[in-house]
Amino acid sequence: MPFVNDPKQNPFCALMANSNHSCAACLQLQSQLQEQAELKPATLKCFAGLCDSAVPVRVGDNVVAFLQTDRCCSISPTTGSSRARRGSS
C-alpha cells in the first residue's frame, strides 16, 4: 500500500485501505490514471466518488514525472447523497 503512514493521506482513504478490495480498487485507479495521463492531463473518479488528477511533466518527448492531486471530492457530500450511493432511503 503506497500511502500507508503518509501524514498527508486522505483519512477516508486510510480507512478504506483496511479492506483488500478497496485497496486493490485504489491501486487499479492509480494505474489507469497514470496510463491516461501519459498523453495529456487526466482526472478519474473512484468508486467512492473521490477524484484523482494527474498532469504529465515532460522533458522533450519523455514523461519524467506526474503532478498529482490527492483524492478530493468534487461536490460537497450530504447525508442524502451518501444514502443514495448506498441505496438506502
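The values are calculated or read from the model by the stated rules, or taken from the named source; none is laboratory data. What you see is a predicted model, and the numbers here were worked out from it, not measured in a lab. As a convention, Cβ positions derive from the backbone with ideal geometry for all residues, glycine included, and neighbour counts pool all protein chains shown. Ligands, DNA and RNA are stripped out before the accessible areas are found, and what is left, the full protein with its side chains, is counted by its heavy atoms. Shrake-Rupley method; radii C 1.70, N 1.55, O 1.52, S 1.80 Å.
Whenever a residue of the stretch 53-64 is more than 19 Å from T43 (Cβ to Cβ) and in a strand (DSSP E or B), its partners that are of a type in the set (A, V, I, L, M) and at pLDDT 90 or above, lying with C-beta atoms within less than 6 angstrom and at least six residues away or across chains, give the pairs V64/V57.
Filtered by the rule that a residue be free of Cβ contacts under 8 Å to residues at least 24 places away in the same chain and open to solvent by less than 40 Å² (accessible area, probe 1.4 Å), the stretch 34-48 gives A42, L44.
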